[in-house]
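The values are calculated or read from the model by the stated rules, or taken from the named source; none is laboratory data. Small disclaimer: the values here were computed from a predicted structure and weren't measured. All Cβ positions, glycine included, derive from the backbone under ideal geometry; neighbour counts span all protein chains shown. Only protein heavy atoms, including side chains, enter the accessible area calculation; ligands, DNA and RNA are left aside. Shrake-Rupley method; radii C 1.70, N 1.55, O 1.52, S 1.80 Å.
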Amino acid sequence: MRLRLTHAIFRERRAPAYLSAFILACAMALATPAQAQEAEDAREPVAEIPYRFDYNGWITVPVTVNDEGPYDFIVDTGATLSVVFENLDEKQTFPYVQGEPRRILGLIEANDLPPRYIGEIASGGQVMENLVSVVIADWLAPRATPQGVLGLDFLAQYSVYVDPSTRTIKLYDSNLPAVVEERGWSKVRMEPKSFGDSVRPLYVVRARIRTKGYPFILDLGASGTIINIPALRDMLSMRRITVRSSSISSRMPRVHDLFGNEAKSRLVRIQRMKIGRATWRDKIVSVYNSKVFNELGVGDTPYGLLGADMIRDRRIVLDFPENRLHIGPTVKRRDAPSN
């Protein structure tokens, strides 16, 4: 009886994907050729952007600023605001404007910076106009500095499909890509959560470590996944949860932030981590009480940052309009990351 019940639940959870595909197929069969083509075109991306892993493992894309470039921008779903670095200001000279300082959070440091008029930024032909943001200091040599950060003010307008097999990011205006209807995909809620006086929310998903769920901020601007000390203590306090120190010190012995700072972190290995039906095994994460946790008011709560390392080998779709994260099966990457 238990096996039958489990199987019924499994089939019921998968039904919506098959049902939506069936309805779409029927609708296109009954529609006129013009209507069918229009429905198919609606599922095409409005932009396709190549990306690479660079600058300590961050997802990096080409962006033009005021019709100049392209420049290297880091994709950061943990940044509510797109920003630029000093090296780009030296090329374009962004003027100061009136307004309150903007609070910019890094993993290690937080700064209040004066607002500057940046103008127009574009990637993949998609444009965001009249950006007022800040200029961040370049990183100290010998580290190379990108030219900017592409944040949620740009990304959250779209459904964002990250495909490591082709190393591309595709942007969709409204409809989701057909790939999410394939077998092996999992769907979970991204909870838009406002912290403090921020005008734009960050997105939180729950990851299960064995039987217990923990909140993680979806932060592709973090090259590696991080948990705070309260989360580690909570995991260690439960005998059902296995967390052991990692002997792989070369993977990520330090964390780096947007301001060029670095700090030592402890590495731990989690045997199994699940988000929806997607599973990661022997996952190595950093333990670090990031400035972000305190600034967001969750420093005393078990919390984590879900970094770009989680999707090196998985397709994902961040459906910002519907607050859903779609996670695909593991895939073979086109090439090795350039860290």
- Stokes-Einstein D in µm²/s, Kirkwood radius over Cα pairs - the range 42-187 at 20 °C with 1.002 mPa s viscosity: 132
- Task: For the range 138-181, state the semi-axes of the equivalent ellipsoid (square roots of 5 times the eigenvalues of the alpha-carbon gyration tensor), sorted largest first and rounded to whole angstrom.
- Result: 30, 15, 5
- Once the in-chain neighbours fewer than 8 apart are removed, the lysines whose Cα is under 27 Å from K332 read K170, K187, K274, K283
- Task: For the range 264-337 and the range 75-103, write down the distance between their C-alpha centroids in whole Å.
- Result: 26
- Message: Could you compute how much accessible surface K193 exposes when probed at 1.4 Å, giving the result in Å² to the nearest 10?
- Response: 70
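L140 to N289: FRET efficiency via 1/(1 + (r/R0)^6), r the Cβ-Cβ distance, R0 35 Å, to the nearest 0.05? Please list the in-between numbers first.
Values: r = 23 Å, r/R0 = 0.67.
Efficiency computed from Cβ-Cβ geometry: 0.90.
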